[in-house]
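Nothing in this text is a laboratory measurement; each read-out follows from the coordinates by a stated rule. None of the values given here were measured: they were computed from a predicted structure. Reconstructed Cβ throughout: ideal geometry from the backbone, glycine too, with neighbour counts over all protein chains shown.
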Amino acid sequence: MPLRVYNTLTGRKEDFEPIQPGKVGMYVCGVTVYDYCHIGHARANIVFDVIYRYLRFAGYDVNYVRNYTDVDDKIIRRAQERGVESRKLAEEFIGAFDEDMAALGLDIPTCQPRATEHIGQIVDIIQNLIDRKMAYEAGGDVYYSVEKFPGYLKLSKRNMEEMRAGTRIAPGEGKINPMDFALWKAAKPGEPFWESPWGKGRPGWHIECSAMSMKYLGESFDIHGGGKDLIFPHHENEIAQSEGATGKPFVKYWLHNGFVNVNQEKMSKSLGNFFTIRDILKKYDPEIVRFFLLTAHYRSPIDFSDKNLEDARTGLTRFYETLKAAGETLSNHVPDDTSCVTLTPEAREIFDRIEVLEDRFSEAMDDDFNTALAIGHLFEAVRGMNRIMGAEEYSECPLLLAALRDARDKLVKLGGVLGLFGADPTLWLERKASRGLQEKGLEKERIEALIEERRTARANRDFARADAIRDELAEKGVILLDSKEGTTWRMK
């Protein structure tokens, strides 16, 4: 099936057909750099990182642009509060953003422009809009006239009259219509400014993204993304000013990710449920956070809670444990001759499912980047791998060992499309165990000493003591795993 994406502009899924065959231009609104990023930023950026990865996996040449808004009212206010220059504050939080995204395993976009590096392009677009009578100057400010753009609100599907009734012109504003929005803001004392035909000032938020996206992707491009909170006014205004300036369709497909709630409530500092990425990564491995955020479809809301993060930890651990076991199995048993091998019906079913794993993964991702379903198919592969390794005849069946190797390789390959399973399984599990020990106040040496004591007790047929040790460790979250090779352990 062809790749289909849900287009916010049309309100339906559509076949994805880029403007230029084989090439994709994608712009995603970056952060306003005045503070540390929160879990909502993590979701948006991980979502579009996976879309970027999958488009490349599907064979497209992708030009991915994600900007930094480094001049804005919020930046100016925060800089004034801290007694530093806006530029210095922005630089600090650009660095913090880059560190957070690297920790979450994001690929670096093709281009990461900054608004302050594109003032010339911004001024040119504003002047073009004034020349076209789509914008007007008022006391050093420049406003976009929404009444001059017949398609205004086509993205958000809002009603103009209802919007106008609920909007007022603030004292000192030179707007004609309360719905008009600022393209250029006259500088106030102590604020950063640039020279322009309308005097000293700085750009409005919306015009920055139009200037940067069109510079690197052209006047019309394929995908524009961001969180649902950006549909209005930001993306609505981007369409109005961009199409007003060029007379051409601005973006073909608009993609928006859903919100993150915290314990089923909207995230808010006033509610005390506001978590930065840095707060979260003190408690959870970054890949667990990434895995959790991809277990729901990107357009759906997702509930951030300790329980859901623990469930994600358990799920991701299962993948790594299976990859580790498969690696050990394959290093001990090398498949050679696959001729004259007859599989049982159950083994044939496993073999056949592994054969089509990549196709099923792609079908899920082609359905509007359905990562939840794609991960479900990868879980099926894990179940199949464990059934192979649990079968008595696997070590004597070269065909099953070949299927195990194929499943392991596909799991790593397809996981890479999601930004998962890239770590060495042994090291990842050791790191997870170390975190678990720290949380429980346990020491590895004490656990291994108890395991040795349990082994001795079992050898002496003192099963009561052996069971007591297992129970003692289980109460502390340590799970013992017995096998022919001996006893290993993991944190619950």
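Fewest-first ordering of Tyr64, Tyr27 by other beta carbons within 10 Å of each residue's beta carbon gives Tyr64, Tyr27.
Note that the chain shows a convex hull volume over its alpha carbon atoms of 177 Å³ per residue. In the stretch 281-338, one over the average inverse separation of all distinct C-alpha pairs is 13.5 Å, which is the Kirkwood hydrodynamic radius. The sum of -39500 (n - 2.57) across all DSSP H runs of n ≥ 4, divided by the residue count of the chain, sets its helix-only mean residue ellipticity at 222 nm to -15500 deg cm²/dmol.
Dividing the alpha-carbon Rg of the stretch 305-425 by 2.2 N^0.38 Å yields what?
On the way: Rg = 14.9 Å, N = 121, 2.2 N^0.38 = 13.6 Å.
Cα Rg divided by the expected 2.2 N^0.38 Å: 1.09.
Go through Lys228/Lys432; Lys307/Lys484; Lys13/Lys413; Lys23/Lys283; Lys248/Lys413; Lys74/Lys307 and tell me which ones have a Cα-Cα distance over 29 Å in this structure.
Violating the 29 Å Cα-Cα cut-off are Lys228/Lys432; Lys307/Lys484; Lys23/Lys283; Lys248/Lys413; Lys74/Lys307.
For the residues Phe57, Phe93, Phe48, what sequence is obtained by ranking on other C-beta atoms within 10 Å, fewest first?
Going from least to most buried by this count: Phe57, Phe93, Phe48.
Take the alpha carbon gyration tensor of the stretch 213-361, find the square roots of its eigenvalues, order them as a ≥ b ≥ c, and report rounded if a/c is under 1.5; if not, report prolate when a/b exceeds b/c, else oblate.
On the way: a/c = 3.22, a/b = 1.62, b/c = 2.00.
Because a/c hits 1.5 or more and a/b fails to exceed b/c, the stretch 213-361 counts as oblate.
The residues Cys209, Cys397, Cys111, when put in order of fewest to most other Cβ atoms within 10 Å, stand as Cys111, Cys397, Cys209. Which GluC sites (Glu not before Pro) in the stretch 388-492 pass both tests, a DSSP loop state and at most 15 other beta-carbon atoms within 10 Å? Taking the stretch 388-492 and a limit of 15 other Cβ atoms within 10 Å, the loop GluC sites (Glu not before Pro) found are Glu392, Glu393, Glu443, Glu485.
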